[in-house]
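Engineer: What follows is a single structure, and I will ask about it in a moment.
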Amino acid sequence: MSVRINDFVIRFANVNGTGSASANNMFAKSIFRMGVPVSPKNIFPSNIQGLPTWYEVRVSEKGYMGRREGIDLMVAVNPQSFTKDVASIKPGGYLLYDSTKPLYDDRRQDITYIGVPMTALCLANYEVPRLQQLFKNIVYVGALSKLLDIEVKVFEDIFAEQFAGKEKLIAPNLQAIELGRKYIEDHYDFPLNIRVSRRDLVRDSILVDGNTACGLGAVYGGATVAAWYPITPSTSLMDAFDKYASKLRIDAEGKKNYAIVQMEDELASMGVVLGASWNGARSFTATSGPGISLMSEFIGLSYFAEVPGVVVDVQRGGPSTGMPTRTQQSDILLAAYASHGDTKHILLFPSTPKECFDMMADSFDLAERLQTMIFMMTDLDLGMNDHMSPPFDWNDSREYDRGKVLNVRQLEEVKSWGRYRDPDGDGIPYRTLPGTHPTKGAYFTRGTSRDEDAKYTEESAPYVRNMQRLQVKWETAKTMVPKPEIVRNEAGVSEAIIYFGTTAWAAQESLDILEDQGINLNAMRVKAFPFGNEVVEFLANHDTVYVIEQNRDAQFKTLLVNELGEDPAKFISVLNYDGFPITADFVSQTIQARKLATVGNI
């Protein structure tokens, strides 16, 4: 039997609310601490407790961090989903289950069953019912550590850190690990043909989720006001901002230099963001698709009155309530053209937690330079799941770029100033902050039409001039947003893939899979909308472009066609919208099937 080292997928099938999440996370962390790349995915229901929940861990020595299809080892401890869980295991795989009660006789013949009496072991060793339930999860982690050859010392270190100041909890947790390990040692051959071997592949990488990275990035980006209304999957982002701001935004007297305001709804939250930004504070909100819908009226005001701000859209399954605990990239068009009338908004597409941190910090500079709303387009997968990431870095000498803000001296020197004039020809006017000057610089802004000096008018000519200037600013924005990453651009290759956000992991792995099959594609990862010249030139150099995205209606492709005037026939959509992160298997199989169909039609 062949042995696969550091290359497998484990899925845990649990009941929501039983404390399994921390145990499963600890398992992923243990492999990571052995120097092996891991990619965990938490698949949970939208209720509080009682329904099935799953946790997948992909282990990949090659560093493939996208979700992979097929389960090599299933830890099934939920009777509700047991039959379905067993069916999802790949032939030749393994099932680890609680054998306290006898298992049904109708077993699969192509997988190996590994029974551990988890409940019985906990009943015999722990008296408190709640601890019996919690340590049942630790027992199966211990069993896995023996089956997969994970070092015990790793768990000792994890418990020592996790229970610092609560050292009395370390011993019973280690006891539960040992109960699982001892049972495997006494009853089974080990390790399995899938196993972990220590490596030095993660180096200084960290495991962190995108919401935490965005929250920290907002602090470093200078945000002092956050207004929000709770919604899955963005709530933990505000928790992270509060956590880090409470440590990093405290003055010498111990007072907070920031404000977090929970409003009655998303529309009110956006109103607070605009009011704070107009007054000079860097402010933001975090939400998901339904929240963007409710915020649209004020988003239009931001665009028209040219008030900066930042929105983090942690996308989830829609429409309506949809699948609130599943991932999608289905708010692309909603965010790009939010509000009524002719509006266009800057979208940033981070793919990793580090990009969440960097782009979040940069988004406040970009918002103030362009005097508009910036949308950070993350999703549930990136926002709520841990990902292996390079450590975040920051230059302490960096100064915030507040854009075209007139100071006291400039106001003293200027003879004539108009809030919506365009003296530089880039579409970006100059603005002032309230209280800058006692007599000069004040202006009224509004959602109704006005002239270049911010004076109310409903005359057609000033309105048209203003809308044309906003389009000039949009062209300027193309030179300011993050540049795309050209992953492959070999001469003579006529086909390519284009992708963004969390499709990156699957897309990049699929390139290797397709290359092994003799299919060579060029590739570009887009980091922002509007699309700059780099995207235009890349598309012009290819006859066929596969657009990989996680929604039904090919929203990103629609942007490419609408904004660049490209022939729709050039684009082939690769679409996944089942709520789970797209996989390289799906991408490569879809492209291969399309190419075979094309050959068959010749």
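Read-outs throughout are calculated quantities, based only on the coordinates presented, and are distinct from any laboratory measurement. Because the structure is a prediction, the values reported are computed rather than measured. A quick note on method: Cβ atoms are made from the backbone with ideal geometry, for glycine too, and the neighbour counts reach across all protein chains shown.
Engineer: Could you give the size of the charge dipole of the chain about its Cα centre, using +1 on the Cβ of each K and R and -1 on the Cβ of each D and E, expressed in debye and rounded to the nearest 20?
Structural biologist: On the way: 62 positive and 76 negative charges, 163 e Å.
Charge dipole, the chain, about its Cα centre: 780 debye, nearest 20.
Engineer: Among Gly501, Pro581, Pro391, which residue has its Cα furthest toward the positive end of the charge dipole of the chain, with +1 on Lys/Arg Cβ and -1 on Asp/Glu Cβ?
Structural biologist: Pro391
Engineer: Shifting gears a bit: Give the Rg/Rh ratio for the chain, taking Rg as the radius of gyration of the Cα atoms and Rh as the Kirkwood radius, to two decimals.
Structural biologist: On the way: Rg = 26.9 Å, Rh = 26.3 Å.
For the chain, the value is 1.02.
Engineer: Related question: Just name one of Leu179, Gln410, Met373: the one whose Cα is farthest towards the positive end of the charge dipole of the chain (beta-carbon charges, Lys/Arg +1, Asp/Glu -1).
Structural biologist: Leu179
Engineer: Which value at 222 nm does the chain reach when only helices count, each DSSP H run of 4 or more adding -39,500 (n - 2.57), with the total divided by all residues and rounded to the nearest 500 deg cm²/dmol? Walk me through the numbers on the way to the answer.
Structural biologist: Details: 19 runs with 231 residues, N = 602.
Using -39500 (n - 2.57) per qualifying helix, the result is -12000 deg cm²/dmol.
Engineer: Give me the dipole magnitude in Debye, nearest 20, for the range 270-361 about the Cα centre, with unit charges on the beta carbon: positive for Lys and Arg, negative for Asp and Glu. Show your work: numbers first, answer last.
Structural biologist: Values: 5 positive and 7 negative charges, 45 e Å.
For the range 270-361, the charge dipole is close to 220 debye.
Engineer: Moving to a separate point now. So what J values fall out for the range 71-84 if you push phi through Karplus, 6.51 cos²θ - 1.76 cosθ + 1.60 with θ = phi - 60°, rounded to Hz, Gly and Pro as x?
Structural biologist: 9, 8, 9, 10, 9, 10, 10, 10, x, 4, 10, 4, 4, 5
Engineer: Round to the nearest 0.05 the FRET efficiency obtained for Ala120 and Ser320 when R0 = 41 Å and r is the Cβ-Cβ distance.
Structural biologist: Computed FRET efficiency for Ala120 and Ser320: 0.35.
Engineer: Turning to a different aspect of this structure: For the range 4-195, what number results from the quotient of the Cα radius of gyration and 2.2 N^0.38 Å?
Structural biologist: Values: Rg = 15.7 Å, N = 192, 2.2 N^0.38 = 16.2 Å.
Cα-based Rg divided by the globular estimate yields 0.97.
Engineer: Starting from the Cα of Lys146, draw a straight line to each of the lysines and keep only those under 30 Å, dropping any in the same chain fewer than 8 residues away.
Structural biologist: List returned: Lys29, Lys41, Lys62, Lys84, Lys90, Lys101, Lys136, Lys166, Lys168, Lys182.
Engineer: Take the alpha-carbon centre of the range 26-62, take the same for the range 163-228, and report the distance between them in whole Å.
Structural biologist: After rounding, the separation between the Cα centres reads 10 Å.
Engineer: Here's something else I'd like to know. Between Ala491 and Glu475, what is the label-to-label distance in nm when each label sits 7 Å out along the Cα-to-Cβ direction?
Structural biologist: If labels sit at Ala491 and Glu475, their model points lie 3.3 nm apart.
Engineer: Find which of Thr352, Thr18, Asn466 sits farthest along the positive direction of the dipole of the chain, computed with +1 on the beta-carbon of Lys and Arg, -1 on that of Asp and Glu, about the Cα centre.
Structural biologist: In the chain, that residue is Thr18.
Engineer: Still on this structure, please answer the following. Using the number of other C-beta atoms within 10 angstrom as an exposure proxy, rank Lys29, Lys595 with the fewest first. Mind showing how you got there, number by number?
Structural biologist: Numbers: Lys29 21, Lys595 17.
Going from sparsest to densest Cβ surroundings: Lys595, Lys29.
Engineer: Take Ser510, Ser277, Ser296, Ser246 and order them by how many other Cβ atoms sit within 10 Å, fewest up front.
Structural biologist: Details: Ser510 31, Ser277 23, Ser296 20, Ser246 13.
Going from sparsest to densest Cβ surroundings: Ser246, Ser296, Ser277, Ser510.
Engineer: Here's another thing I want to ask about it. On full extension of the chain, what length is gained from Tyr337 through Thr112, given 0.36 nm per residue of separation minus the C-alpha to C-alpha distance? Could the numbers behind the result be given before it?
Structural biologist: Details: separation 225, 0.36 × 225 = 81.00 nm, distance 5.27 nm.
Here the segment from Tyr337 to Thr112 would lengthen by 75.7 nm.
Engineer: So what are the ³J(HN,Hα) numbers for the range 250-255, from phi and the Karplus equation (6.51, -1.76, 1.60; θ = phi - 60°), rounded to whole Hz, Gly and Pro as x?
Structural biologist: 10, 7, 4, 8, x, 8
Engineer: A follow-up question, please. Around Val312, which amide H atoms from residues at least 5 apart in sequence, or from another chain, sit under 5 Å from its own amide H, with H modelled in the peptide plane?
Structural biologist: The answer is Thr285, Ala286, Thr287, Met376.
Engineer: Apply 1/(1 + (r/R0)^6) to the Cβ-Cβ distance of Leu169 and Asp265, taking R0 = 30 Å, and write down the FRET efficiency to the nearest 0.05. Kindly include the intermediate steps, with their values, before the conclusion.
Structural biologist: Values: r = 41 Å, r/R0 = 1.37.
Here the calculated transfer efficiency is 0.15.
Engineer: Ordered by residue, what ³J(HN,Hα) values in Hz, to whole numbers, does the range 453-465 give under the Karplus form 6.51 cos²θ - 1.76 cosθ + 1.60, where θ = phi - 60° and Gly and Pro are x?
Structural biologist: 9, 6, 8, 4, 7, 10, 5, 5, 4, x, 4, 5, 4
Engineer: Measuring from the lowest to the highest alpha carbon on each principal axis, how far does the range 208-389 reach, largest first, in angstroms?
Structural biologist: 47, 39, 29
Engineer: So, with +1 on the Cβ of K and R and -1 on the Cβ of D and E, and no other charges, what is the size of the charge dipole of the range 485-600 about its Cα centre, to the nearest 20 debye? Please list the in-between numbers first.
Structural biologist: Working: 8 positive and 17 negative charges, 41 e Å.
Roughly 200 debye for the range 485-600.
Engineer: Are there any trypsin sites (Lys or Arg not before Pro) in the range 218-255 that are in a DSSP loop and have at most 12 other Cβ atoms within 10 Å? List them by number.
Structural biologist: On the way: sites: Lys243, Lys247, Arg249, Lys255; in loops: Arg249, Lys255.
Here the trypsin sites (Lys or Arg not before Pro) that fit, given the DSSP loop and packing criteria, are Lys255.
Engineer: Just to be sure I understand the model, the point goes 7 Å from the Cα along the line to the Cβ. What's the resulting Phe190 to Leu103 distance in nm?
Structural biologist: 1.7 nm
Engineer: Of Val139, Val77, how do they rank once you tally other Cβ atoms within 10 Å and put the fewest first? Numbers along the way, then the final one.
Structural biologist: On the way: Val139 28, Val77 24.
Final ranking by Cβ density, sparse to dense: Val77, Val139.
Engineer: Can you list, largest first and rounded to whole Å, the semi-axes you get for the range 249-320 by taking the square root of 5 times each eigenvalue of its Cα gyration tensor? Intermediate values should be presented prior to the final figure.
Structural biologist: Working: eigenvalues 122, 51, 18 Å².
Over the Cα atoms of the range 249-320, the semi-axes work out to 25, 16, 9 Å.
Engineer: Also: How much length is gained on full extension from Asp424 to Arg398, taking 0.36 nm per residue of separation minus their Cα-Cα distance? Before the final figure, lay out the partial values.
Structural biologist: Values: separation 26, 0.36 × 26 = 9.36 nm, distance 2.56 nm.
Contour length minus the Cα-Cα distance gives 6.8 nm.
Engineer: From a point 7 Å beyond the Cα of Glu156 in the direction of its Cβ, which residues of the range 30-48 have a backbone N at a distance under 18 Å?
Structural biologist: 30-31, 33-35
Engineer: Right, another one. Please compute the Kirkwood hydrodynamic radius of the range 141-219 from all pairs of different C-alpha atoms, in Å with one decimal.
Structural biologist: 14.9 Å
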